[in-house]
Structures are given as structure tokens and as C-alpha cells.
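Taking it in order: structure first as C-alpha cells, then the write-up.
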């Protein structure tokens with residue numbers, strides 16, 4: 001599966017409800033602003049590895065830090081706890097981080113097939129973080145962003 005096809009599929013299946021809340025330009029602006037203000041702190045390694053397995057290239061786009069920032073600043077304590085509880089579920093069958101990449105992908109695929117709410121949120125945040133990062137925008141041929149065009153501006 002091509003990366004672009006995967007992104008389209010994941011957005012269509014994971015983030016539809018969340019996307020409806022903001023206009024596309026507001027969603028893009030929020031994501032880019034979060035990337036600009038990412039703190040230099042240690043990222044939850046389970047989030048970082050899961051994001052990389054969901055969307056290869058997420059590590060280069062600093063998606064783990066993006067997700068951490070979104071959970072801290074933009075999610076309610078209940079939403080954050082639901083996702084963190086789900087991440088602990090990854091380790092319920094042994095340490096997720098110690099498993100091979102193939103096994104990690106198998107675990108994430110099973111979670112995806114079970115329609116776990118927290119996992120849908122993790123997928124959405126991964127895609128959102130990737131697509132609003134400079135790395136992701138370059139990959140998707142959306143960088144540099146076009147400047148504003150105002151055809152009716154006075155001379």
C-alpha cells in the first residue's frame with residue numbers, strides 16, 4: 001500500500017468525526033502551530049513507536065511529541081486517560097516496545113479490527129501530526145505553503 005493511499009484510508013476511517021469540528025484551514029493552522037511550539041521533553045516511547053508503526057515516517061515528523069502536546073493541552077483529562085489506558089493495554093501481553101516490528105504491527109492491526117475508541121484517536125492524532133508537520137507536508141507535496149492571493153486588492 002502506498003503511503004498516500006494509507007493516509008487517505010486512515011483519515012477516512014479514523015478521524016471523520018474529529019475533522020467535522022473544525023474548518024480545514026483552522027485544523028491545518030492548529031496542527032502547524034502545535035508543531036511550532038513543541039516542548040523539548042521526553043516523549044512516551046510507546047506513543048512514538050505505535051505512531052511509527054501506524055504511519056512510517058511519523059518519527060521523522062516528530063509525531064510522538066505532537067501527540068503528547070495534543071494530549072496535554074487539547075484533550076480533556078478523561079480523553080487523555082482513555083488513550084493512556086489504551087496504551088497500557090498494548091503492554092498487557094508483554095512489553096510492546098520489546099516486540100519485533102512485525103509483532104507490533106500485528107498487535108496494532110488487531111486493535112484496529114476491534115474498533116477500539118482509544119486506538120482510533122491515536123491513529124487520528126498520528127495522521128494529523130504527520131500531515132501538519134513540515135516533513136509530512138513535503139512528502140505530500142504541500143510544502144512550501146502557498147502565499148495568500150487576493151485578486152481584488154487595491155493597487
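The values are calculated or read from the model by the stated rules, or taken from the named source; none is laboratory data. Fair warning: this is a prediction, and the values are worked out from it, not measured in the lab. Note that we place each Cβ from the backbone using ideal geometry, even for glycine, and neighbour counts take in every protein chain shown.
Taking each residue of the range 25-46 that is surrounded by fewer than 16 Cβ atoms within 10 Å (Cβ to Cβ) and looking for partners that are modelled with pLDDT under 75 with beta-carbon atoms closer than 6 Å, six or more apart or interchain, yields nothing.
For the range 80-96, the set of residues classified as part of a helix (DSSP H, G or I), touching a residue at least 40 places away in the same chain (Cβ under 8 Å) and more than 13 Å from residue 51 (Cβ to Cβ) is empty. The criterion of being in contact (Cβ under 8 Å) with a residue 60 or more places away in the chain and within 29 Å of residue 32 (Cα to Cα) holds for residue 127. Can you work out which of the residues in the range 9-59 that are outside any helix (DSSP H, G or I), within 17 Å of residue 121 (Cα to Cα) and touching a helix residue (DSSP H, G or I) at 6+ places or on another chain (Cβ under 8 Å) is modelled with the lowest pLDDT? Filtering the range 9-59 for residues that are outside any helix (DSSP H, G or I), within 17 Å of residue 121 (Cα to Cα) and touching a helix residue (DSSP H, G or I) at 6+ places or on another chain (Cβ under 8 Å), the one modelled with the lowest pLDDT comes out as 15. The numbered conditions (1) in contact with a helix residue (DSSP H, G or I) (Cβ under 7 Å, 6 or more places away or on another chain); (2) in contact (Cβ under 8 Å) with a residue 40 or more places away in the chain are all true for residue 116 except (2). Go through the range 60-70 and give me each residue that's touching a residue at least 24 places away in the same chain (Cβ under 8 Å) and either touching a helix residue (DSSP H, G or I) at 6+ places or on another chain (Cβ under 6 Å) or not in a loop (DSSP other than H, G, I, E, B) (or both). Selection gives 60, 61, 63, 65, 66, 67, 68, 69, 70. Filter the range 136-155 down to residues that are modelled with pLDDT of 85 or more and in contact with a helix residue (DSSP H, G or I) (Cβ under 9 Å, 6 or more places away or on another chain) and give me whichever is surrounded by the fewest Cβ atoms within 10 Å (Cβ to Cβ). The residue in question is 139. Among the residues in the range 82-91, are any within 24 Å of residue 137 (Cα to Cα) and either surrounded by fewer than 19 Cβ atoms within 10 Å (Cβ to Cβ) or more than 12 Å from the chain's Cα centre (by Cα) (or both)? There is no residue in the range 82-91 that is within 24 Å of residue 137 (Cα to Cα) and either surrounded by fewer than 19 Cβ atoms within 10 Å (Cβ to Cβ) or more than 12 Å from the chain's Cα centre (by Cα) (or both).
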